[in-house]
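One structure below.
Bear in mind that the values in this text are calculations on the coordinates, not laboratory data. These numbers were taken from a predicted model, which means no experiment stands behind them. Every residue, glycine among them, receives a Cβ derived from its backbone with ideal geometry; neighbour counts consider all protein chains shown.
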Amino acid sequence: MSKLRLELPGLTLKNPIMPASGCFGFGKEYSQFYDLSKLGAIMIKATTVEPRFGNPTPRVAETSAGMLNAIGLQNPGLASVLSNELPWLAQYDVPIIANVAGSQEEDYVAVAKSISKASNVHALEINISCPNVKTGGIAFGTIPDVAKHLTKKVKDVSDVPVYVKLSPNVTNIVEMAKAVEAGGADGLTMINTLVGMRMDLKTGKPILANRTGGLSGPAIKPVALRMIYEVSQAVNIPIIGMGGIESAEDVIEFFYAGASAVAVGTANFVDPFVCPTIIEELPLLLEKLGYEHISECTGRSWRKHGEPTYHRA
Amino acid sequence: MSKLRLELPGLTLKNPIMPASGCFGFGKEYSQFYDLSKLGAIMIKATTVEPRFGNPTPRVAETSAGMLNAIGLQNPGLASVLSNELPWLAQYDVPIIANVAGSQEEDYVAVAKSISKASNVHALEINISCPNVKTGGIAFGTIPDVAKHLTKKVKDVSDVPVYVKLSPNVTNIVEMAKAVEAGGADGLTMINTLVGMRMDLKTGKPILANRTGGLSGPAIKPVALRMIYEVSQAVNIPIIGMGGIESAEDVIEFFYAGASAVAVGTANFVDPFVCPTIIEELPLLLEKLGYEHISECTGRSWRKHGEPTYHRA
Amino acid sequence: MIKKELCNIISQEEIATDIFELTVEAQLVNEITAPGQFVHIRIDKALDPLLRRPLSISSFNKVKSQFTMIYRTDGKGTTLLAEKRQGVQLDILGPLGNGFPVDEVNAGETALLVGGGIGVPPLYELSKQLTAKGVKVIHVLGFQTQSAVFFEQKFLENGETYITTVDGSYGTKGFVTDIIRDLDFDCLYTCGPTPMLKAIEKEYAHKKVFLSLEERMGCGVGACFACVCKTSNEQEDVSYKKVCSDGPVFRAGEVVL
Amino acid sequence: MIKKELCNIISQEEIATDIFELTVEAQLVNEITAPGQFVHIRIDKALDPLLRRPLSISSFNKVKSQFTMIYRTDGKGTTLLAEKRQGVQLDILGPLGNGFPVDEVNAGETALLVGGGIGVPPLYELSKQLTAKGVKVIHVLGFQTQSAVFFEQKFLENGETYITTVDGSYGTKGFVTDIIRDLDFDCLYTCGPTPMLKAIEKEYAHKKVFLSLEERMGCGVGACFACVCKTSNEQEDVSYKKVCSDGPVFRAGEVVL
Ligand SMILES: Cc1cc2nc3c(=O)[nH]c(=O)nc-3n(C[C@H](O)[C@H](O)[C@H](O)COP(=O)(O)OP(=O)(O)OC[C@H]3O[C@@H](n4cnc5c(N)ncnc54)[C@H](O)[C@@H]3O)c2cc1C
Ligand SMILES: Cc1cc2nc3c(=O)[nH]c(=O)nc-3n(C[C@H](O)[C@H](O)[C@H](O)COP(=O)(O)OP(=O)(O)OC[C@H]3O[C@@H](n4cnc5c(N)ncnc54)[C@H](O)[C@@H]3O)c2cc1C
Ligand SMILES: Cc1cc2nc3c(=O)[nH]c(=O)nc-3n(C[C@H](O)[C@H](O)[C@H](O)COP(=O)(O)O)c2cc1C
Ligand SMILES: Cc1cc2nc3c(=O)[nH]c(=O)nc-3n(C[C@H](O)[C@H](O)[C@H](O)COP(=O)(O)O)c2cc1C
Ligand code: FES
Ligand code: FES
């Protein structure tokens, strides 16, 4: 019996590992490396109503154990995603989570309404937290009532469960989480990137053309764990955790914090095989730690039962 | 003529490098390694009215390119700092910046009032942002009006300029900065630590006894740079920047972002000689980059003039 | 097909100031389809530096299963890379991208290869293949200063080679563009800093020109949209190409520099 | 005085499963004042892992300017450390802290040295010094299992040595405390997991006992307050000691375990 199989709203996952939105395109590139059906699910790149070119380059900069990106939600637009990307992905036995973005409510609603009807889209991930688009985006992610209202609107039109992606760039993440739960969200995904910056030593100017960008990678893992720890104790909907995951050990830490599944983003750039590798290593690690099933790890850091399973000599 | 000498409210700095509060104790330990008079200034450990033991251990945990701490403001208390620590530091030709902490307004006022009278204390750093104390601390650092009011109170009783230390755990750092400026702050120091967490793989519990802790080190540098970039354009008081600095190159990046001086924290643990090393390397780096004086670097990332000084082939 | 492989370092040496020649043993050479392709290297197992570093393949040998890269130590990653000794294993992803089209010029015709600084390396394999094919190759290589010059001899073996240095400490003082003016050719291949590429594209709009671009990268395989460039000047137009997977070599005019 | 030094690795070998013996050449040996002191090692120039790792000095030789550490590969840092080969330089800070007081026991008297797992290493230098002084030493060393046992022979050279393993795969099955009961001694020195130290402190409150503590560290020199322990059970009492600079060795009862 599988130690990794899980059920989440709208999703039957072979395993709790999925590539994070924007770090895996629409799957094509990584299908050169392995069979995408191995994945628990795939979170595709943010989709907007119209095609977007995004920000000027440079769009990425490296930081210690992390990276900054300011892609600016480049994507081929709803029509093309529906007619090209999703049908192509349908050849794989893997549920798709469609990342929905926009600069105003109508955009989100329009994309959610039609993309949720695609046969292989099993859930939506509402990106109310993109730090790299001037209007909308970030605002939806920082004001509880705005987020709640947007969630309601999207829920009204969606044919599949709706997960809302939270921004870590807020004073009170629990307040945001409760707001979108009240708005009817079926689940949460967190965290998106922290807003950061790097300067070019030679020119004195920001390295990114967009000046600021989103910080991702191992550097933000402690912040992601803390926020998931806080939120998972305050809401009754499942959390798909992300932020710096690059190993099976990291996955367990996220489950301990309160996640019910996880997404891997930046690590795909460092090792294109990171997802299948983690999927292979997880059962052995669970064995070693003495768990029958990965779900036993969820929230162990704050649940009463979790007792030490073994000790160091 | 020195490329590093600087004047800040209350402070005449031989150089813009100073150890950050809590990462240098009260100087004694590092005086074994080098002459403390080499430093631009010293930010001493947070001082509270009464002695504090702080949090249970473990108090630190490592993260990728960073560390978490939950010391809990352990300190010998105002009386002892005044009678032992400060007099001992007086043997060195270096201005002291006293870090003032508390759990309620009266505490801050009481400490500020008497510690600002110490002959070698040239400025105060009001720690309204400690993430590791249950009451007060963090609240003062997240609500603009509360921060403004506290700043006023402290200014009223302080004999020396007052710098307010901002917490990065807020949605809108500019709003906080403007509030304390309006409250009469003479300068800002930023950033304090980001609230984070690590889990113990074996027990499933948080590694830190305090559960959450403050994330510091290179991992948070991009967040610090971004916040200093935003704040320096919005206020008219100088900023002492900190967050992951460990090299002369990092110092220049912080100046480009908008800092007028910098503090080095976690890096002291990695290399006890990091401050004097940076002080030695800075003039050479400025030379290489084509600057007469380090002050030319301040705000270069957003000031109009800053043109490239040289290009890569 | 793209492979991820742990490759043994066969040799590494500093061939000019801060310029290193690195040769590794790798099965992935069998996947190389054209000069000008590149690889993405993970410098270290540690998470800092985190991202891979793109380096061009400057020459390869399928019989020996070896290929060579030439790079300049610039920041964190390349400085660490330069410390790696023979026998150490490197995590390499490649070959990546599309290289220079060798079939765009025929035996007997003349190809002009123009390189600037660290843009020179990929031109070496190109020069070898064109020469082998019977194409007359002329090289114009620009460097900052004498101490940065490398591979002059190797290029000379394949054909005329002009060196320029910005400070005039070696070869002709000035920029490659000053030299090209007096040369005749059927096809121009170039790699180097963007200002140089722009100047060449502008001056030889009427000629057959191929440019190799540089852009900061995330994934290196086409998934992250970090390295895109526009294919038209229209503001509204959203058509683009990815340097990592559609490039790094483009026909002049194909993308906006 | 504490020194920061780049030390050449003289030798490193795995002496038991996941247990490594590492010897380095260092001038800082001349600063060592007692067995049980430790050093703080920066594993790598990279920023990950970031913090230094504390390791006890298990023996030293001032004539040869060398000292040895014995450690178990546990997490990121020690695993990386185990990969370092002879000739590689390590950034070491030390000697740190106060070690075991050798003068607390006189020639002819009996000292009991009790170690658990990776708490065993610092006891070796102590055993050597006590023996040299004419003290009768008895060693009781506890391990998880047979494959984790190390240094039995070396300790035997200095005196009676009892080994216990939790799974009974070697020596006596059980814990060190089971063995100690039947032994007589004038002074007890111990290092190992806290539960073991607690048991010993409780059982021998009437005896002269010295304990070496472990605590997660930041600076390692007394500046950051990461490694403190209380000196009394009173809630209000704020008196404390720092494991790094006041310890790691304390007299039983001096601090709250
Ligand atoms: C397709 C391609 C081929 C290249 N071929 C070569 C070559 O053959 N020889 C050579 O010396 N250099 C080459 N470069 C440039 C080389 O990738 C950079 O010099 C190198 O990545 C700098 O890394 P660093 O760690 O030294 O600098 P850092 O400043 O530490 O790098 C930080 C981040 O910025 C990126 N970066 C910095 N400079 C550049 C740059 N100029 N181009 C792209 N990314 C950059 C790095 O990859 C890294 O992600 C090539 C670049 C590309 C895109
Ligand atoms: C004074 C002292 C002396 C020691 N002497 C020895 C020795 O001689 N041999 C030996 O094998 N071990 C010794 N230890 C324990 C050793 O320091 C840890 O096993 C080691 O730091 C683990 O690092 P890691 O990278 O393997 O684990 P990681 O989990 O990667 O370490 C992460 C962080 O936690 C800290 N940490 C993890 N476990 C411990 C621990 N048990 N004690 C203190 N810090 C810890 C690390 O220093 C690092 O900062 C000693 C500890 C102390 C405090
Ligand atoms: C290059 C890049 C592009 C991204 N694009 C998106 C996006 O389109 N939509 C979104 O919700 N998140 C996006 N993200 C955020 C990731 O999905 C993820 O939340 C974040 O990177 C943290 O995970 P990581 O540390 O594993 O990368 C992007 C991240 C990166 C690095
Ligand atoms: C162990 C430790 C203790 C700290 N104690 C204090 C403190 O008492 N008061 C304070 O204002 N900041 C304190 N800080 C925060 C630092 O002063 C600094 O703002 C932060 O660590 C970021 O800088 P760094 O990345 O260089 O460490 C502490 C940081 C660390 C790591
Ligand atoms: S680097 Fe990711 S798309 Fe080119
Ligand atoms: S480790 Fe910093 S005080 Fe002990």
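Please give the per residue volume of the convex hull enclosing the alpha carbon atoms of the stretch D:86-134, rounded to a whole number of Å³.
Details: hull volume 5.7 nm³, N = 49.
It comes to 116 Å³ per residue, whole-number rounded.
Projected area of the stretch A:5-84, taken from the Cα convex hull and averaged over every viewing direction, in nm²? Can you show the working numbers first?
On the way: hull surface 28.4 nm².
That works out to 7.1 nm², a quarter of the Cα hull's surface.
What per residue convex hull volume, in Å³, comes out for the stretch D:110-257 when only alpha-carbon positions are used? Write down the numbers at each step before the final one.
Values: hull volume 17.3 nm³, N = 148.
Dividing the Cα hull volume of the stretch D:110-257 by its residue count gives 117 Å³.
Convert 37 °C to kelvin, take the viscosity as 0.692 mPa s, use the Kirkwood radius over C-alpha pairs of the stretch C:218-257 as Rh, and evaluate the Stokes-Einstein diffusion coefficient in µm²/s, rounded to a whole number.
Values: Rh = 10.4 Å.
Stokes-Einstein gives a translational diffusion coefficient of 316 µm²/s.
Counting each pair of different Cα atoms once, what's the Kirkwood radius of chain B in Å, rounded to one decimal? Numbers along the way, then the final one.
Numbers: mean 1/r = 0.0516 Å⁻¹.
Kirkwood hydrodynamic radius for chain B: 19.4 Å.
Would you please classify the overall shape of the stretch C:138-179 from the alpha carbon gyration tensor, given that a ≥ b ≥ c denote the square roots of the eigenvalues, rounded means a/c under 1.5, and beyond that prolate means a/b larger than b/c while oblate covers the rest?
Note, shape of the stretch C:138-179 comes out oblate.
One quarter of the convex hull surface, Cα atoms only: what value does that give for the stretch A:193-313 in nm²?
Average of the hull's projected areas for the stretch A:193-313 equals 10.3 nm².
Using only the alpha-carbon atoms of the stretch D:53-115 as identical scatterers, what base-10 log of I(q)/I(0) does the Debye formula give at q = 0.13, 0.21, 0.24 Å⁻¹?
Reported log10 I(q)/I(0), two decimals: -0.54, -1.09, -1.27.
Normalise the Debye intensity by I(0) for the stretch D:1-148, one equal point scatterer per Cα, no solvent, then take log10 at q = 0.09, 0.10, 0.12, 0.21 Å⁻¹ and round to two decimals.
-0.28, -0.35, -0.50, -1.36
How long are the three semi-axes of the equivalent ellipsoid of the stretch B:33-191, in whole Å, if each is the root of 5 times an eigenvalue of the C-alpha gyration tensor, listed from largest down?
Values: eigenvalues 104, 83, 50 Å².
Listed largest to smallest, the semi-axes of the stretch B:33-191 are 23, 20, 16 Å.
Under the convention of a label 7 Å out along Cα→Cβ, give the distances in nm from A:SER83 to the same position in every other copy, shortest first.
From this label point to the equivalent ones elsewhere in the assembly: 8.4 nm.
Can you sort C:SER58, C:SER65 so the residue with the fewest Cβ neighbours within 10 Å comes first? Could you put the intermediate results ahead of the total?
On the way: C:SER58 25, C:SER65 15.
Fewest-to-most ranking of C:SER58, C:SER65: C:SER65, C:SER58.
When only alpha-carbon atoms count, how far does chain C stretch along each of its three principal axes, as whole angstroms with the largest first?
Extents along the principal axes: 49, 47, 36 Å.
I need B:VAL164, A:VAL160 ordered by Cβ neighbour count within 10 Å, fewest first.
Values: B:VAL164 33, A:VAL160 22.
Arranged by neighbour count, lowest to highest, B:VAL164, A:VAL160 become A:VAL160, B:VAL164.
For the stretch C:79-196, what D do you get in µm² per second when you plug the Kirkwood radius from alpha-carbon pairs into Stokes-Einstein at 37 °C and 0.692 mPa s? If you can, show how the numbers build up before the last one.
Numbers: Rh = 15.4 Å.
Calculated translational D: 214 µm²/s.
Could you please rank D:HIS206, D:HIS139, placing first whichever residue has the fewest other Cβ atoms within 10 Å of its Cβ?
D:HIS206, D:HIS139
Students often forget the sequence filter, so: which lysines lie under 21 Å Cα-Cα from C:LYS173 once same-chain residues fewer than 8 apart are removed?
Straight-line reach from C:LYS173, under 21 Å: C:LYS198.
What chymotrypsin sites (Phe, Trp or Tyr not before Pro) in the stretch B:262-299 are in a loop by DSSP, with at most 16 other Cβ atoms within 10 Å of the Cβ? Could the numbers behind the result be given before it?
Values: sites: B:PHE269, B:PHE273, B:TYR291; in loops: B:PHE273, B:TYR291.
Listed in order of number, the matching sites are B:PHE273.
If a/c stays under 1.5 just call it rounded; otherwise compare a/b with b/c (prolate if a/b is bigger, oblate if not). Do that for the stretch D:173-238, with a ≥ b ≥ c from the square roots of the Cα gyration tensor eigenvalues. Present the calculation step by step, with values, prior to reporting the outcome.
Working: a/c = 2.47, a/b = 1.83, b/c = 1.35.
Since a/c reaches 1.5 and a/b is larger than b/c, the shape of the stretch D:173-238 is classed as prolate.
Kindly give the semi-axes, whole Å and largest first, of the ellipsoid equivalent to the stretch B:108-248, taking each as the square root of 5 times a Cα gyration tensor eigenvalue. Provide the component values of the computation, followed by the final result.
Numbers: eigenvalues 147, 65, 43 Å².
Taking √(5λ) for each Cα gyration eigenvalue gives 27, 18, 15 Å.
Over all pairs of distinct alpha carbons, what does the Kirkwood formula give as the hydrodynamic radius of the stretch C:1-79, in Å?
Details: mean 1/r = 0.0759 Å⁻¹.
It works out to 13.2 Å.
Looking at this model, which pairs from A:LYS221/D:LYS76; B:LYS221/D:LYS3; B:LYS202/D:LYS241; C:LYS76/D:LYS76; D:LYS62/D:LYS84 are more than 19 angstrom apart at the alpha-carbon?
Values: A:LYS221/D:LYS76 16 Å; B:LYS221/D:LYS3 29 Å; B:LYS202/D:LYS241 28 Å; C:LYS76/D:LYS76 21 Å; D:LYS62/D:LYS84 23 Å.
Pairs exceeding the cut-off: B:LYS221/D:LYS3; B:LYS202/D:LYS241; C:LYS76/D:LYS76; D:LYS62/D:LYS84.
Considering the convex hull of the alpha carbon atoms of the protein assembly as shown, report its projected area averaged over all viewing directions, in nm², one decimal.
Working: hull surface 182.1 nm².
Taking a quarter of the hull surface, the average projection is 45.5 nm².
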